[in-house]
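Presented below is the structure to which this report refers.
The values are calculated or read from the model by the stated rules, or taken from the named source; none is laboratory data. Owing to the predicted nature of the structure, the values given are computational and were not obtained by experimental measurement. Backbone-built Cβ (ideal geometry, glycine too); neighbour counts: all protein chains shown. All accessible areas refer to the heavy atoms of the entire protein, side chains included, with ligands and DNA or RNA removed. Shrake-Rupley method; radii C 1.70, N 1.55, O 1.52, S 1.80 Å.
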Amino acid sequence: MNSIETNHLTRSFGKLVAVDDLSLAIPEGTVFGFLGPNGAGKTTTVRMLSALISPTSGSAVIAGYQLGEHNEEIRQSVGILTETPGLYDRLSAWDNLMFFGEMYNLSREKASTQVERYLRLLDLWDRRGDKVGGFSKGMRQKLAIARALLHEPKMIFLDEPTSGLDPETAKVVRDFIKVLRAEGRTIFLTTHNLPEADELCDLIGVFRSRLLRLDTPANLRNSMFGSGTRVRVIGDAARWVKSVRALAFVQQVTASENILTISLPHPDEQNPEVVRKLVSAGADICAVEPASHSLEEVYLELVENEHETVTAG
Amino acid sequence: MHKVFIILRKEFSEILQQRVLLYSVFLPPLLFDIIPLLILHLGSNGTHGSSIRIPSLQGLTLYEYTQGVIGTEFSNFYILLSMIVPSTIAAYSIIGEKSNRTLEPLLATPVQRWQLLSGKILAALLPSILVTWVSGSVFVAELAIFTDANVVSHVVTGGWLILFISGTPLLGLVAVSIMTAISSQVNDTRTAQQLSIWAVVPIIGIILGELSGKFELTVSIAVVFDLILIPVAIFLTWGASQLFQRETILTRWK
């Protein structure tokens, strides 16, 4: 079953189309990375999917509820971490969470239990009586994450959860997201941190007003750049490009300093022949390893291609 | 209804933590109670007749008349107070949510618009009604203790009492609704308060009219004023509720 299903979801503000014809299906228990540049319409999408604003056209089913018809049920079923933590600075951590717990229809007793649980889980229990205004950015972010989880939603929207956090706190947050994934919750993660998306996400959507690609991180990398091999040699690698290119099955060769990156359709079968060719040509090989492209390279390629298409159009 | 109380409780917790807001709420009524007391006690010896001619004070001696003028001037401040206090609280309450960016997480909860707006309105209205009525009652008690018996009945007229009891909550509602509208367009509390001052201009006009002797706040005029205020308050509250929609707050509020 899908946690989110959208069909041609569109949202315009006057002449500006912020979200254009978005159709996607996110299965339950998936960590979905929603990537896109600033102003791409990601926040508008999250606001639509959490029943905060309505679409101009199209439809969506969130956590089994039809958007527009059961908005209150949707809001009860999802948790949301907004771009800024949005906490009441003059209230204590405890009072902040109790307030939101009750707003999510928890009884005072249940809210109290949940608040204690998440304050302990996120290592904020000792600071529960302190005013939030005195909290560090990381503590505020953890508190905002706790707020999004108090009512145990199956579906969670996290907008830039590690943005601006120190590496240690960012890791705590990432580890916590892994815990949530292990509990089978669906996570809709908006982030600019591509290594983080690569580490956490099962499915990635690259978005710029419309969905450019939707796939697993591994498929995205392979489909964009193909598979390949990286060979480290002694000296300038550019000397051996011609020799490798002579092999019929080699799709592409690039050299950078002492590294040759070779695109191959079947690296496991073709690597021995590549190595033989290089050795026979006189290359001194230090290492042979799979060539992996980062999600960042894939993302930049997609977004830049889209930009060129739009500019050319 | 339960969520209205939850919001109300949170609002009161926040109000109690804001020293500046507490000063703004409690200082004006305190001054309105202390200043007339000082003037009545120290200054109104009756040797200087007032040049103001107030119809409701006709028939008093020169000494009583002077006390009556002071009493009438200050009695009207309590009507004004009912607009000043709630707009101050509403400015902090709504603009505070905006500047702290707490509105979006709050709107993301399964709260209904009327519950949120009612909580906000009541949080501003209830303390203001309480402050207005308590300080107004203290003022009436001061009049009873420190002026001649004749003066009280000439200052605390039926018209004033009607406006004081039933008009002040309506004026408070008008002030909160106007402040909600202002809050949708500005991002700092001071600007909002400065803009909201215009809302009290009609009331100042009425006060000046009474003090200049051109207008007397009789029972019938107070009732007519209340009857006009009811639809005005309803209309402005409806307008505020239109501005207080999730979509509008997130996409059109500045």
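Structural remarks
- Computed over region A:22-125, relative contact order equals 12 percent, with contacts defined as Cα pairs under 8 Å that lie 6+ residues apart.
- For region A:172-313, radius of gyration divided by Kirkwood radius, i.e. Rg to Rh on alpha-carbons: 1.08
- Volume of the Cα convex hull of region B:51-114, divided per residue and given in Å³: 116 Å³
- Multiplying the residue separation of B:L16 and B:R113 by 0.36 nm and removing their Cα-Cα distance gives an extension gain of 32.4 nm.
- Distance (nanometres) between label positions extended 7 Å along Cα→Cβ at B:Y23 and A:E72: 4.3 nm
- Partner chain coverage, peptide B:106-119 - average Cβ within 10 angstrom: 5
- Length added when fully stretched, B:I165-B:V134, from 0.36 nm per residue minus Cα-Cα: 10.1 nm
- Scaled radius of gyration (Cα, divided by 2.2 N^0.38 Å) that region A:225-269 gives: 1.06
- Only lysines eight or more places from A:K178 in sequence, or on another chain, were considered; those with a Cα closer than 23 Å are A:K42, A:K137, A:K142, A:K154.
- Hz values of 3J(HN,Hα) by residue in region A:258-267 - Karplus curve (6.51, -1.76, 1.60), Gly and Pro given as x: 9, 10, 9, 10, 10, 7, 9, x, 9, x
- Shown for chain B: the carbon plus sulfur share of the solvent-accessible area, taken with all protein chains present and a 1.4 angstrom probe, equals 70%.
- The Cα center of region A:1-49 and the Cα center of region A:85-154 differ in position by 28 Å.
- Heavy-atom accessible area with a 1.4 Å probe sorts A:V31, A:V17, largest first, into A:V17, A:V31.
- Kirkwood hydrodynamic radius over Cα pairs of chain A, then Stokes diffusion coefficient at 25 °C and 0.890 mPa s, in µm²/s: 112 µm²/s
- Two-decimal log10 I(q)/I(0) for chain B, as the Debye equation yields it once each C-alpha is a single scatterer, q = 0.08, 0.13 Å⁻¹: -0.35, -0.82
- Pairwise centroid distance, computed over Cα atoms, of region B:200-233 with region B:155-179, Å: 10 Å
- All lysines inside 20 Å of B:K120 as judged from Cα atoms, apart from same-chain residues fewer than 8 positions distant: B:K3, B:K10, B:K98, B:K254
- Ranking A:L16, B:L126 by solvent-accessible area of protein heavy atoms (1.4 Å probe, all protein chains present), from largest to smallest, gives A:L16, B:L126.
- Lysines whose Cα lies under 21 Å from that of A:K277, excluding same-chain neighbours fewer than 8 positions away: A:K242
- Loop-located trypsin sites (Lys or Arg not before Pro) in region A:1-101 (DSSP state other than H, G, I, E, B) with a sparse environment of at most 15 neighbouring Cβ atoms within 10 Å: A:K15.
- Between A:T254 and A:R174, the C-beta separation translates, for a Förster distance of 30 Å, into a calculated FRET efficiency of about 0.40.
- Loss of accessible area when A meets B, both sides summed, Å² nearest 100, probe 1.4 Å: 2700 Å²
- Under conditions of 20 °C and 1.002 mPa s, region A:8-128 yields 129 µm² s⁻¹ as its translational diffusion coefficient, taking Rh as the Kirkwood radius over Cα pairs in the Stokes-Einstein equation.
- Relative to the longest principal axis of the Cα atoms of chain B, the long axis of helix B:2-16 lies at roughly 60 degrees.
- Net length gained if the chain between A:S280 and A:N222 were fully extended (0.36 nm per residue, minus Cα distance): 17.9 nm
- Take the Cα of B:I221, go 7 Å toward its beta carbon, and the backbone nitrogen atoms of region B:156-173 under 11 Å from that spot belong to B:159-160.
- From the alpha carbon centroid of region B:58-72 to that of region A:165-218 is 77 Å.
- Calculated [θ] (222 nm, deg cm²/dmol) that DSSP helices of n ≥ 4 give over chain B, each run adding -39,500 (n - 2.57): -23500 deg cm²/dmol
- Net charge over other residues, Cβ less than 12 angstrom from the Cβ of A:R221 (K, R count +1; D, E count -1): -4
- FRET efficiency, 1/(1 + (r/R0)^6) with R0 30 Å, evaluated for A:A182 and A:L247 via beta carbons: 0.10
- Cα-based equivalent ellipsoid of the protein assembly as shown: semi-axis lengths in Å, sorted from largest, via gyration tensor: 69, 22, 21
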